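Worksheet: one structure, shown below.
The values are calculated or read from the model by the stated rules, or taken from the named source; none is laboratory data. Everything numeric in this text was worked out from a predicted model, so none of it was measured. For neighbour counting, all protein chains shown are included, and Cβ atoms are generated from backbone atoms with ideal geometry for every residue, glycine included. Keep in mind that these areas ignore ligands, DNA and RNA; they rest on the heavy atoms of the full protein, side chains included. Shrake-Rupley method; radii C 1.70, N 1.55, O 1.52, S 1.80 Å.
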Amino acid sequence: MVTIDEFVALYPKAHTRRTYRTALNQFHAILGVPPTDYFNKGRRYELDVIKFYDDLKARNLAPKSIMTKVKGAVRSYFIENGVELPRRFWKRLKISSYPITKDRLFTKDELRMIFSHLDIAARSVVFSELSNGLRLDDTLQNILLDNLHLEINPARFYYYNSKIDRDCVAFLTSEAKTVIEEWLKIRESWCMEHLWIRNVYFGWTDLGFEEWWEQKNRNKRLFPFDKDVFYKRWWYALDCSGLNQRDKRTKRRVLHSQTFRKYLKSWVGTALSQGLSLIHI
């Protein structure tokens with residue numbers, strides 16, 4: 001039998017391992033059968049999958065999340081353990097991956113309102129994403145100072161794209177370049193004041209600043225912080241500007257980081273064909 005630990009270890013990306021592990025633990029918890037005994041009990045696997053699927057739907061999970069948990073985690077887990085359910089069974093479940101949050105694009109006037117409530121760190125992230133349409137994870141984790149070239153026209157950086165698993169190049173507008181140049185002047189002192197001191201105060205770290213600064217490649221990254229730091233500032237700006245509307249069904253904000261990618265596609269599409277507009281997105 002392939003255990004959950006052995007199964008998730010087959011996937012190279014940490015996010016995939018976490019997602020699949022959580023899904024399989026939920027699957028066994030709902031069925032009330034420990035993982036070590038599951039494949040030794042002569043189960044009706046189709047009924048187990050349907051029960052898990054119905055539970056996820058009852059909790060109003062997004063279709064894409066359900067597909068990841070059921071067709072991604074459980075189905076692959078079954079196959080690794082020699083259980084392959086018929087294709088017609090999976091087809092009958094009719095699991096789709098469409099998003100249910102009804103988001104929208106912001107206008108230029110709305111962007112100006114939001115920018116007036118963002119600090120230099122969050123503003124730099126937003127300008128960067130509006131320039132090239134990167135995913136937020138790539139923007140925060142994969143833009144390294146050594147690969148940033150503001151001296152070239154147009155300014156650009158090289159980065160590892162975690163979604164397609166290859167190195168890419170992305171470009172910056174002149175406005176983004178200016179904001180990032182200003183951010184670089186205070187980047188280290190800002191992180192000391194807003195991140196390290198706060199972590200020390202709450203007891204989240206007992207490291208000195210230099211040691212903390214070298215952890216997680218902070219000293220090498222253009223943006224040495226995680227998503228929660230950015231989102232806290234983005235949500236605050238939405239609240240202050242009165243643009244904090246939420247989707248009635250999912251309760252998620254209709255203006256979020258993925259909107260930057262859609263905004264760029266819409267803007268680029270006015271000048272280029274759709275095929276060309278997706279080259280660097």
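Per-residue answers, yes or no, for (1) of a type in the set (S, T, N, Q); (2) closer than 23 Å to Q215 by Cβ:
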site: H117; (1), (2): no, no
site: A121; (1), (2): no, yes
site: S131; (1), (2): yes, no
site: L140; (1), (2): no, yes
site: L144; (1), (2): no, yes
site: L150; (1), (2): no, no
site: K163; (1), (2): no, no
site: L195; (1), (2): no, yes
site: V200; (1), (2): no, yes
Report task. Name, by its number, the condition in (1) modelled with pLDDT of 95 or more; (2) of a type outside the set (K, R); (3) farther than 30 Å from R253 by Cα that does not hold for W183. Result -> (3)
Report task. Return the pairs, sorted by first residue and then second, in which the second residue is in a helix (DSSP H, G or I) and open to solvent by 50 Å² or more (accessible area, probe 1.4 Å), the first residue lies in the range 60-87 and is within 20 Å of A29 (Cβ to Cβ) and modelled with pLDDT under 90, the beta carbons are less than 7 Å apart, and the residues are 6+ apart or on different chains. Result -> I66/K57
Query raised in the report: Within the range 200-215, can one find any residue that is closer than 28 Å to L145 by Cβ, of a type in the set (S, T, Y) and within 22 Å of the chain's Cα centre (by Cα)?
Result: no
Report task. Could you list all residues from the range 144-178 that are open to solvent by less than 20 Å² (accessible area, probe 1.4 Å) and part of a helix (DSSP H, G or I)? Result -> A176
Query raised in the report: In the range 12-24, what count of residues is obtained for those that are surrounded by 13 or more Cβ atoms within 10 Å (Cβ to Cβ) and under 25 Å from A58 (Cβ atoms)?
Result: 6
Report task. Give me a count of the residues in the range 193-210 that are in a helix (DSSP H, G or I), aliphatic (A, V, I, L, M) and exposed (fewer than 15 other Cβ atoms within 10 Å of the Cβ). Result -> 1
Report task. Just one of (1) surrounded by 15 or more Cβ atoms within 10 Å (Cβ to Cβ); (2) in a strand (DSSP E or B) trips up W183, so point out which. Result -> (2)
Query raised in the report: In the range 40-59, how many are surrounded by fewer than 16 Cβ atoms within 10 Å (Cβ to Cβ), modelled with pLDDT of 90 or more and of a type in the set (A, V, I, L, M)?
Result: 2
Report summary line: Of W213, W234, the only residue that is open to solvent by less than 60 Å² (accessible area, probe 1.4 Å), in contact (Cβ under 8 Å) with a residue 60 or more places away in the chain and among the aromatic types (F, W, Y) is W234
